[in-house]
Amino acid sequence: MTDTHRNFACVGQPCELAAGRAVFLSSHYDDVALSCGGTVALLAERGPEPVIVTIFGGEVTDEVLNQFARWKHGRWGLTDMDSVREQRQAEDTAAAHILRTGTRWLGIPDAIYRGEHHLSDDELYGEVQAAELPLAQLIADEVQALPEWSDTSTVFVPLGAGRHVDHQLVFLAGRHLADRSVQVLAYEDCPYVIHTPLALETRLAELSDCLGAPRYVKIASTFERKLAAIEAYATQVPVLFRFTSDVRGELTKFGQRMAPELGAVERFWPVLPQAPI
Amino acid sequence: MDIKVVPKGDGIAVAEMVGDLNLLCAADVRARLATAVGDGQRHLVVDLGQVDFIDSSGLGALISGLKSARQAGGDLRIARPGEQARVVLKLTTLDRVLRPYESVEDALEGF
């Protein structure tokens, strides 16, 4: 057994997490590096090169900015959407280089730019609206049309802990893919699960009928690269971790929270196909 | 994806597209539209009548073209999108930015 394979040993039983190419779906630019960058780096070492697909990075124009989006921009200190998008994509490219993975950016706009669906934080972190549910199918279709796609691909999606509608939609896309016999694994949404541990418990309870038993990946050998990839999102880290002055310490503590003797660990839940009616 | 930019005079042109407008050709479409604008065709109508399929990346390329045209003081309109394109436009809410015209002539009107 190689060192890389040893890293994939589940706590309790050895297993392979992804047999073919791993396709990591990221609702927004930094989600995958933050949530499962260690596993991405491990899979990159093993090959074939994983790909991180950012779903909601679509370009928009000024006329889609409603009052809520303008308020959000004010909080984030955004003035020029185009230069911000360029910067975010440059950060994403740098993080992918560190993790040794490919990137794809789909063209679907972020929730705050999608019409009048999300006009408050309550709506942004609430139920997915019925009118938006078909977006999950669209995402699943576009993922299966990627040049990197093959029948042996394994897809990683956010659990949707924290209930951001974009994360929930990508999880639902994962359910569609699971229904099409694709192997799908859900990852913990970081930093939501760090800042609000209850969000994970709540989400797991909601999804209890469609998730399998969690699998654990030891990421000690790639943890430094994960941290470096997260730091590549230089405009985001101070915002996401505004509650701490020790980001590395916070991420290390989080990574080791399940079993300190194992070192840093990432956790994934198999997404089960819906039971036939 | 085949693209033919047909000048109509006074900085107006029709970009005729044939094939699928998707992630694979989105970068090329962006570049072609930017080039057309750079060449002085700042009022563009994209004729989607012969486009069988559009994905979100394809729409992104059109948005990029729209921005290029606007920065040059012009505009970009889309004409004759098929049912599949209309569904994707509506789902992504990009129909608010790229309002579909029923014909190329309708889209050209007022340029």
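Values quoted throughout were computed directly from the atomic coordinates according to the rules given, and no laboratory measurement underlies them. Please read all numbers here as calculations on a predicted model, not as lab measurements. Note that each Cβ is placed from the backbone with ideal geometry, even for glycine, and that neighbours are counted across all protein chains shown.
When you look at the Cβ of every residue in B:50-59, what mean number of other chain Cβ atoms sits within 10 Å?
Working: counts 0, 0, 0, 1, 1, 7, 13, 8, 1, 6.
Per residue, the average neighbour count from other chains is 4.
Excluding same-chain neighbours fewer than eight residues apart, the lysines reachable from A:LYS226 by a Cα-Cα span under 24 Å are A:LYS218, A:LYS253.
Look at the stretch B:16-29: the mean tally of other chain Cβ atoms within 10 Å of its residues' Cβ atoms is 1. Let me make sure I get this right: for the stretch A:102-252, a, b and c are the square roots of the gyration tensor eigenvalues over alpha carbons, sorted descending. Under 1.5 in a/c it's rounded, otherwise prolate if a/b > b/c, else oblate. Which is it? Because its axes are fairly even, with a/c under 1.5, the stretch A:102-252 counts as rounded. Quick check: from the Cα gyration tensor, does the stretch B:24-80 come out rounded (a/c under 1.5), prolate or oblate? Prolate shape, in that a/c is at least 1.5 and a/b is the bigger ratio.
Rounded to whole numbers, the Karplus 3J(HN,Hα) couplings from phi for the stretch A:232-238 are 5, 7, 4, 7, 9, 4, x Hz, using 6.51 cos²θ - 1.76 cosθ + 1.60 with θ = phi - 60°, and x at Gly and Pro.
Evaluate 2.2 N^0.38 Å with N set to the residue count of chain B, then give the Cα radius of gyration divided by it.
Numbers: Rg = 12.3 Å, N = 111, 2.2 N^0.38 = 13.2 Å.
It is 0.93.
Applying 0.36 nm per residue to the separation of A:ALA259 and A:ASP122 and subtracting their alpha-carbon distance, the gain on full extension is 45.9 nm. Restricting the stretch A:243-277 to chymotrypsin sites (Phe, Trp or Tyr not before Pro) that sit in a DSSP loop and have at most 10 other Cβ atoms within 10 Å of their own Cβ leaves A:PHE243.
Taking only DSSP H segments of four or more residues, each worth -39500 (n - 2.57), what value at 222 nm results for the protein assembly as shown once the sum is divided by all its residues, to the nearest 500 deg cm²/dmol?
-12500 deg cm²/dmol
As an equivalent ellipsoid, the protein assembly as shown spans semi-axes of 39, 21, 20 angstrom, where each value is the square root of five times an eigenvalue of the C-alpha gyration tensor, largest first.
Each semi-axis of the equivalent ellipsoid for the stretch A:20-172 is √(5λ) with λ an eigenvalue of the Cα gyration tensor; in descending order they amount to 27, 18, 13 Å.
In the stretch A:44-157, a dipole from Cβ-located charges (positive for Lys and Arg, negative for Asp and Glu) runs towards its positive end, and of A:ALA44, A:THR54, A:ALA140 it is A:ALA44 whose Cα lies farthest in that direction. Taking the DSSP beta bridges with both ends in chain A, the antiparallel portion is around 35 percent. Per-residue mean of foreign Cβ neighbours for B:85-93 is 5 (Cβ atoms of other chains, 10 Å radius).
Between rounded, prolate and oblate, where does the stretch B:71-111 land on the alpha carbon gyration tensor, with a ≥ b ≥ c its root eigenvalues, rounded for a/c under 1.5, else prolate if a/b exceeds b/c? Note, shape of the stretch B:71-111 comes out oblate.
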